[in-house]
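J.: Starting off with a structure, shown below.
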Amino acid sequence: MLEAGMKAPEFTLPDKDGNPVSLSDFAGKKVVLYFYPRDNTPGCTRQACAFAGAYEAFREIDAVVIGVSKDSVASHQKFAEKHGLPFILLSDPELTAIQAYGVWQEKKLYGKVSMGVVRTTFVIDESGVIEKVMSKVKPDTNAPEVLAYLKQE
């Protein structure tokens, strides 16, 4: 897993409309990069809706919110439309960024072990350096915690 102070790995992934988006596109801005397991699951939906609800507050402090999962572009498009998500969703089916950021890990659910995305949020500063890593975040509190951190509350 990456740590604060490390250079954030560069990536280029398609957004919900199939357009390529790179981390370097946001140089000079704070980036909230959050990785989540799957579109339209209860926890991931609550997390995305919490970021959507706080979206204006993130814009006011010039922070960009980007959600990444291994779901397809089409899945992201339906997810964003269904829940009115105003921020960027990136599709990473090849696990390029997911593995670069070290969030593809062994998970245990009801005694069953499998590999999957561990819900993790990275705050990346204006020069592309990881400022804060929040691992195993809770879907309902992640967005307000990130916002409070950025506002230094």
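J.: Could you sort 92, 17 by their accessible area in this structure, using a 1.4 Å probe and putting the largest first? Walk me through the numbers on the way to the answer.
T.: Working: 92 0, 17 85 Å².
These residues rank, largest area first, as 17, 92.
J.: Another question about this same structure. Label 7 Å along Cα→Cβ of residue 83; segment 17-36 residues with amide nitrogen under 18 Å?
T.: Within reach of a label on residue 83: 17, 32-36.
J.: Based on Cβ point charges of +1 for Lys and Arg and -1 for Asp and Glu, what charge dipole magnitude is obtained for the chain about its Cα centre, in debye rounded to the nearest 20? Display every interim value, and only then the final one.
T.: On the way: 18 positive and 20 negative charges, 136 e Å.
Dipole size: approximately 660 debye.
J.: What is the Cα radius of gyration of the chain over 2.2 N^0.38 Å, N being its residue count?
T.: Details: Rg = 14.3 Å, N = 153, 2.2 N^0.38 = 14.9 Å.
The chain yields a ratio of 0.96.
J.: So for 119, 46, 38, what's the accessible-area order with a 1.4 Å probe, most first? If you can, show how the numbers build up before the last one.
T.: Numbers: 119 40, 46 110, 38 140 Å².
These residues rank, largest area first, as 38, 46, 119.
J.: Shifting gears a bit: Taking segment 84-133 on its own, what percent of its Cα-Cα pair distances exceed 13 Å? Could you put the intermediate results ahead of the total?
T.: On the way: 860 of 1225 pairs.
Above the 13 Å cut-off, segment 84-133 has 70 percent of its Cα pairs.
J.: Any idea of the accessible area per residue across segment 36-153, 1.4 Å probe, to the nearest Å²? Before the final figure, lay out the partial values.
T.: Numbers: 5860 Å² over 118 residues.
With all protein chains present, segment 36-153 gives 50 Å² per residue.
J.: Roughly how many percent of the accessible protein surface of the chain is carbon and sulfur, given a 1.4 Å probe and a whole-percent answer? Don't jump to the answer; show the numbers that get you there.
T.: On the way: 3870 of 7620 Å².
Looking at the chain in its full context, I get 51 percent from C and S.
J.: A further question on this structure: Evaluate 2.2 N^0.38 Å with N set to the residue count of segment 26-101, then give the Cα radius of gyration divided by it.
T.: On the way: Rg = 12.1 Å, N = 76, 2.2 N^0.38 = 11.4 Å.
Compared with the compact-globule rule of thumb, segment 26-101 sits at 1.06.
J.: Collect residues whose amide H, placed 1.01 Å from N in the peptide plane, falls under 5 Å from the amide H of residue 70; neighbours closer than 5 in sequence don't count.
T.: Under 5 Å from the amide H of residue 70 lie the amide H atoms of 92, each far enough along the sequence or on another chain.
J.: Roll a 1.4 Å probe over the protein heavy atoms and report the accessible area of residue 140 in Å², nearest 10.
T.: Counting only protein heavy atoms, residue 140 exposes about 90 Å² to solvent.
J.: Among 49, 44, what's the order by accessible area (1.4 angstrom probe), most exposed first? Present the calculation step by step, with values, prior to reporting the outcome.
T.: Details: 49 55, 44 0 Å².
Listed by decreasing accessible area, they come as 49, 44.
J.: I'd like to know which of 146, 133, 98 lies farthest towards the positive end of the charge dipole of segment 95-153, counting +1 on Cβ of Lys and Arg and -1 on Cβ of Asp and Glu.
T.: Comparing the listed Cα positions along the dipole, 98 ranks first.
The values are calculated or read from the model by the stated rules, or taken from the named source; none is laboratory data. Remember, it's a predicted structure, so these values are computed and weren't measured experimentally. Note that we place each Cβ from the backbone using ideal geometry, even for glycine, and neighbour counts take in every protein chain shown. Side chains included, ligands, DNA and RNA excluded: accessible areas come from the protein's heavy atoms. Shrake-Rupley method; radii C 1.70, N 1.55, O 1.52, S 1.80 Å.
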